[in-house]
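Computed from the coordinates by the stated procedures, all read-outs in this text should not be read as laboratory data. Quantities reported herein were computed from a predicted structural model and do not represent experimental measurements. With ideal geometry, Cβ positions are generated from the backbone for all residues, glycine too; neighbour counts draw on all protein chains shown.
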Amino acid sequence: MQQRAASAPLRAGTVVAIDGPSGSGKSTVAREVARSLGFRYLDTGAMYRALTWLALRRGLDLTDAGALTALAESAELELSTDPDRPGVRVDGTDVTTEIRSEPVTAAVSTTSAVPGVRAEMVRRQREAIRPGDGVVEGRDSGTTVAPDATGKVFLTADPAARAARRGRELAGPALDDAVVAATQEALLRRDTADAGRAASPLTQAPDALVVDATDLTADAVVEQVLAAVRAAGAQRGNA
Ligand code: DC
């Protein structure tokens, strides 16, 4: 990624919240925004994925909301908040790669819909960002986790662009039309499940800046987000 021009420092305690559907590129953008600002980075989806990995490992019944909530409350989840060194450990095991596997991806909409699981994850996420100066990424970060964030961004892209991006992450050079089509179908299925559920559906904060990344490079999106955060920070500073 290119070097970015320095500008006036943001106020201490600045939180940036980046939401949006799967495949919009929000992880890449959030990580780069954190790097540019020298902020910590919290990937909330990775927490739901880590918990889901543990539930599958323990053979839990995924329809048992009580068991999932108890697991969320007792699990030892360690997330690196260094944007240059992402890493996730569950009960001491490094699961950074496994949480992106197909079985976890297929089950995470179910586990993350359990209200008790969400309550515990949101509690942990708020604790993680309490020290301030952080970028929090996830579909409810601007609405629930950090409703007072200085800068809120809702990053979206059309389904084909999202499928191509996610397909590239999954298949690398083996990406072809069949992979893109299968990825798009899986994304839309997950979007529908996530958007239609009662617990924390994907919603856009009314005060979020909407960025459509369909025809933009990651760098261009990052520049827009940084400009919006600086503008919001300046406005708040003058208030
Ligand atoms: O962003 P992701 O694909 O890693 O998210 C994985 C799943 O976790 C996704 O199906 C929605 C869910 N999730 C959530 O419910 N709330 C969040 N803050 C982040 C992710």
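At-a-glance table
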read-out	value
Stretchable slack from A181 to E73, in nm (0.36 nm times residue separation minus alpha-carbon distance)	35.1 nm
FRET efficiency, 1/(1 + (r/R0)^6) with R0 41 Å, evaluated for T63 and D215 via beta carbons	0.50
Segment A227-R168, length gained on full extension (0.36 nm per residue, minus Cα span)	18.4 nm
Extreme residue, positive dipole direction of region 9-80, given options G38, V16, L56 (C-beta unit charges)	G38
Amide H contacts of D133 (H built 1.01 Å from N, under 5 Å, at least 5 apart or other chain)	G13, T14, V15
Helix runs (DSSP H) in the chain reaching 18 Å along axis by Cα, Kyte-Doolittle at least 0.0	44-57, 218-238
DSSP bridge pairs, the chain: antiparallel proportion in percent, nearest 5	25 percent
Charged-residue dipole, Cβ positions (Lys, Arg, Asp, Glu), region 1-96 about Cα centre, Debye nearest 20	460 debye
The chain, dipole about Cα centre (Lys/Arg Cβ +1, Asp/Glu Cβ -1), debye to the nearest 20	500 debye
Prolate/oblate/rounded call for region 48-170, Cα gyration tensor, a/c under 1.5 rounded	rounded
Selection from P83, A70, S27 lying farthest towards where the dipole of the chain points positive, charges on Cβ	P83
Pair T110, D84: separation of 7 Å Cα→Cβ label points (nm)	4.1 nm
³J(HN,Hα), Karplus 6.51/-1.76/1.60, whole Hz, each residue of region 147-155, x for Gly, Pro	x, 9, 3, 5, x, 10, 10, 10, 9
Dipole axis of the chain (+1 Lys, Arg; -1 Asp, Glu on Cβ), positive-most option in L187, A119, A160	A119
